[in-house]
Amino acid sequence: MKTLIESGILLTPTERIEGGWLLVDRDRIAAFGRGVPPAADRRIDAAGRYVAPGFIDLHAQGFRGYDLWDPSDEHFLAATRLMASTGVTAAMASVDATEEVCRVMRPRIGRAGGGARILGLYFESPFIAPDKRGAIPLDRVQPVSMELARGILKASEGLLAMITIAPERPGALDLVRLFRRASGPCGPVVVALGHTEATYDEAVAGLNAGMTHCTHLYNAMPPLHHRDPGAVGALLALPEVTVEIICDGVHLHPAVIRIAVACKGVARTCLITDCVSAATVPVVDGAPRLPDGTLAGSVLSMDRAVANVQRFGGVSLREAVEMATLTPARVVGMSGSKGSIAPGKDADIVLFDRDVNVSMTIVGGEVVWEGR
């Protein structure tokens, strides 16, 4: 089955193709270009809309009333289908590092089910700083333990793609090395620095031990100070590490988003939502909050993140799309199959207008959502 998407504006990593076409052969991108398109079994008229790779959200907990770890398959699929309506074709599920959650999530990894495909699991706890846990309950923060870490790896074998660790905790660097040697559904497990009180030197030590990524830059870590740069300073100064940013207009001031993009570039800055179901936590002033005002994730969607970062971060649409597609694909080692329009890559495609209003989402060559 060959599908042709024609009369669109294609966004590739290197160019913007006006009046372009894209040919999908079953679940892969077969070709793209401009001019006279090839024959196909079915045709989709993009009608001047943008045609881009599907958005990849590396940090999502739930969406619009549904948790990704809900034991109900119906609720899980509702979340992933709603995510697809905002252009997300693939996501990491940020869930608790427990055997029960792993049991629930195991059959869901890699499954599309008419919505966004879950690539793997992202554990934000238990090896984080208690005082920087944010909305994570205190009982989910545990002492650094090699035995516990091995238990987590055993329970999550083949599921864990990323884990957050606070590098300043005693024994944490040994855990960084342990998790980096493990393999997950996308490749080697990514160890992210986050929920931390680390000094600059402690953060550098974590990065030298094998950390390659940062969990929501600026949030849940001490602020940058000119005599005490801390983890933020290390993350901004060292070019090899990638970072996440939450562009909902609540978590971060536009100025610090511009600083992050200026320091890291779009190739090392990921847009994430950190979205939650918000089913039990009230949304106050644009974000879910605990009774004491602590931010408890977001209600951001990836289409709005792509729209917002253009304004907040001063980037172009093509650059904003890269931050939501190719950059996160690189972070988890999947840039060979996802994140850009190129022959042979997965046919995960999103169509949207100039304001990033999504009108169609395609996962693995199948239309999973279509708007009016």
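The values are calculated or read from the model by the stated rules, or taken from the named source; none is laboratory data. Keep in mind that this is a model prediction, so the values were computed, not measured. Here the Cβ positions follow ideal geometry from the backbone for every residue, glycine too, while neighbour counts run over all protein chains shown.
Residue check: T14 meets all listed conditions (1) in a loop (DSSP other than H, G, I, E, B); (2) more than 17 Å from G339 (Cβ to Cβ) but one, namely (2). I'd like the full set of residues that are within 22 Å of A52 (Cβ to Cβ), surrounded by fewer than 24 Cβ atoms within 10 Å (Cβ to Cβ) and not charged (D, E, K, R), limited to the range 63-116. Selection gives L82, S85, A112, G114. Restricted to the range 108-209, the set of helices (runs of 4 or more DSSP H) holding at least 1 residues that are in contact with a helix residue (DSSP H, G or I) (Cβ under 6 Å, 6 or more places away or on another chain), within 29 Å of L224 (Cα to Cα) and among the aliphatic types (A, V, I, L, M) comprises 172-180, 200-209. If you go through the range 225-259 and keep only what is under 20 Å from V332 (Cα atoms) and either free of Cβ contacts under 8 Å to residues at least 12 places away in the same chain or not in a loop (DSSP other than H, G, I, E, B) (or both), you end up with L235, L236, T242, V243, E244, I245, I246. Among the residues of the range 198-216, those that are within 24 Å of L295 (Cα to Cα) and β-branched (V, I, T) comprise T199, T215. Report whether or not K154 is of a type in the set (D, E, K, R), over 26 Å from R181 (Cα atoms) and either assigned by TED's automatic domain parsing to the domain that holds G187 or out of contact with any strand residue (DSSP E or B) (no Cβ under 6 Å at 6 or more places or on another chain) (or both). In short, no. The condition of being farther than 21 Å from A287 by Cβ and surrounded by fewer than 21 Cβ atoms within 10 Å (Cβ to Cβ) holds for only one of P254, P223, P239, that being P239.
Restricting attention to the range 351-369, which residues are of a type in the set (V, I, T), in contact with a Lys or Arg (Cβ under 8 Å, 6 or more places away or on another chain) and over 12 Å from A116 (Cβ atoms)? Of everything in the range 351-369, just one residue is of a type in the set (V, I, T), in contact with a Lys or Arg (Cβ under 8 Å, 6 or more places away or on another chain) and over 12 Å from A116 (Cβ atoms), namely V356.
Residue-level check: of (1) under 26 Å from I246 (Cβ atoms); (2) out of contact with any Lys or Arg (no Cβ under 6 Å at 6 or more places or on another chain); (3) in a strand (DSSP E or B), V24 misses just (1). Which of the residues belonging to the range 305-318 are closer than 19 Å to L351 by Cβ and over 13 Å from the mean Cα position of the chain (by Cα)? The answer is A307, Q310, S316, L317, R318. Summed over the range 23-45, the residues that are surrounded by fewer than 21 Cβ atoms within 10 Å (Cβ to Cβ), touching a residue at least 12 places away in the same chain (Cβ under 8 Å) and among the aliphatic types (A, V, I, L, M) give a count of 4.
Looking across the range 207-218, the residues that are out of contact with any Asp or Glu (no Cβ under 8 Å at 6 or more places or on another chain) and crowded, with 24+ Cβ neighbours inside 10 Å come down to M211, Y218.
Every residue, every condition in (1) at pLDDT 95 or above; (2) more than 22 Å from the chain's Cα centre (by Cα); (3) β-branched (V, I, T), yes or no:
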{"residue": "K154", "(1), (2), (3)": "yes, yes, no"}
{"residue": "T164", "(1), (2), (3)": "yes, no, yes"}
{"residue": "E168", "(1), (2), (3)": "yes, yes, no"}
{"residue": "V190", "(1), (2), (3)": "yes, no, yes"}
{"residue": "A198", "(1), (2), (3)": "yes, yes, no"}
{"residue": "H226", "(1), (2), (3)": "yes, yes, no"}
{"residue": "L236", "(1), (2), (3)": "yes, no, no"}
{"residue": "P239", "(1), (2), (3)": "no, no, no"}
{"residue": "E244", "(1), (2), (3)": "yes, no, no"}
